[in-house]
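Below is one structure, written out as structure tokens; the observations come after it.
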């Protein structure tokens, strides 16, 4: 039986060598080392291994034969050689004391491909709607192949991968026509929709932020031009009336007094403009300190009337006030005077062409808050700009705005001051002509608040 087995193994070796184109004794010795040599590893150093090898057939070895022999062994990684369309030789190179040997096995290609598909794909749920194509790839292109699963003429999904060494010759392609409608797919679709919604929302937020920055930059640029113009107008008037007084054009004491009143009004206007610019700068830097004191709002109204009386008279307007009886409350008197002056100046500026030149201020208590409303009979505010008018440097586009001028900080300053006192401000158009600015302040505000 041993002789028959030896002959059978020798015949297999000869056939393999002929298939690989190697049939001499040297190649045979290199490819197939002696099968009757066995051994055990007793020390490993990197890729080199020292081994003790003894003759397995020695029945009664002598003491000299029993002494261990040391060998330097180097083992290379597994490699593959395509012999033909049906067979692939998987082997590794072994060097023992500078002698080269090869150890390996023959792989039957088609049986191997069928085994891979049957073991790792055929019984999987994916095989019901996807297809797996396994193929041997050599230098000349595709070789033997095997397909398992559902074929798709025009697949919507395709995934191609190469196996790692020593099976780098093997390529796997997974194709799918359509993912079935299952609970998993519904979850996946929902996640994709949510992801898309989040992505679009983020992009929209970035776009709006960038657009807001561009608009703010443009408004700042317009603000510089507007401030230059607004400063130039009162300075020109002041210079003109001073020259008229110097040249004696005012021939009567009454006319001189009129000129002096105009000079005082223009000087006050210039001072308020500069003060507004400085105030909004301090508010942005949070350097504006508010001082609250308890008092009646009637004192604020009287001071506002005294300051704005000349301007209101020159523009031909009438200021009406209505104050309800209520208990004193805490507020910053200086800030509230500035807020009301800004609102009155806004009404004077845009109500010049009104048939009825009237500005009204009402103060009453509603739901525990102090509500102050300033109304006029001007052109009103476009609906789309009712909330934007309180933004920094915002000016409503239109012929009236271009003709009246303005810096775009008056209402923005009002909003910042009211917010600093813990209140809110809003704009609305009247049922008839004009608009109303409503301010709501809490009765008990925090004293010493820094805006």
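The values are calculated or read from the model by the stated rules, or taken from the named source; none is laboratory data. Just so it is clear, the model here is predicted, and its values are computed rather than measured. FYI the Cβ positions are ideal-geometry reconstructions off the backbone, even for glycines, and counts take in every protein chain you see.
Every residue, every condition in (1) closer than 22 Å to residue 394 by Cα; (2) surrounded by 17 or more Cβ atoms within 10 Å (Cβ to Cβ), yes or no:
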position	(1), (2)
310	no, no
317	no, yes
321	no, no
326	no, no
332	no, yes
335	yes, yes
341	yes, yes
345	yes, yes
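Residue by residue, here is whether (1) at pLDDT 85 or above; (2) part of a helix (DSSP H, G or I) holds:
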| site | (1), (2) |
| --- | --- |
| 394 | no, no |
| 408 | no, no |
| 418 | yes, yes |
| 422 | yes, no |
| 425 | yes, no |
| 432 | no, no |
| 438 | yes, no |
| 444 | no, no |
Assigned to a loop (DSSP other than H, G, I, E, B) and either surrounded by 10 or more Cβ atoms within 10 Å (Cβ to Cβ) or at pLDDT 85 or above (or both), is that true of residue 172? no
Which pairs have Cβ atoms under 8 Å, sit 6 or more apart or on different chains, and link a residue in region 299-328 that is at positive phi to one that is at pLDDT 85 or above and surrounded by 12 or more Cβ atoms within 10 Å (Cβ to Cβ)? 316/357
Listed by first then second residue, the pairs whose first member lies in region 246-259 and is without any contact (Cβ under 8 Å) to a residue 12 or more places away in the chain, whose partner is in a helix (DSSP H, G or I), with beta carbons under 7 Å and at least 6 positions apart or on separate chains, are 250/244; 250/256; 250/259; 256/245
Subset tally (residues that are in contact (Cβ under 8 Å) with a residue 60 or more places away in the chain and part of a loop (DSSP other than H, G, I, E, B)) for region 357-375: 1
Could you tell me whether any residue of region 140-161 is assigned to a helix (DSSP H, G or I), modelled with pLDDT of 75 or more and out of contact with any helix residue (DSSP H, G or I) (no Cβ under 8 Å at 6 or more places or on another chain)? no
Being in contact with a helix residue (DSSP H, G or I) (Cβ under 7 Å, 6 or more places away or on another chain), part of a helix (DSSP H, G or I) and closer than 25 Å to residue 362 by Cα: is that true of residue 279 here? no
Only one of these conditions is not met by residue 214: (1) surrounded by fewer than 11 Cβ atoms within 10 Å (Cβ to Cβ); (2) farther than 30 Å from residue 128 by Cβ; (3) modelled with pLDDT of 75 or more. Which number is it? (3)
For region 318-333, state whether one or more residues are in a helix (DSSP H, G or I) and more than 51 Å from the chain's Cα centre (by Cα). no
Within region 113-139, residues surrounded by 15 or more Cβ atoms within 10 Å (Cβ to Cβ) and either part of a loop (DSSP other than H, G, I, E, B) or in the same structural domain as residue 78 (by TED's automatic domain parsing) (or both) come out as 121, 129
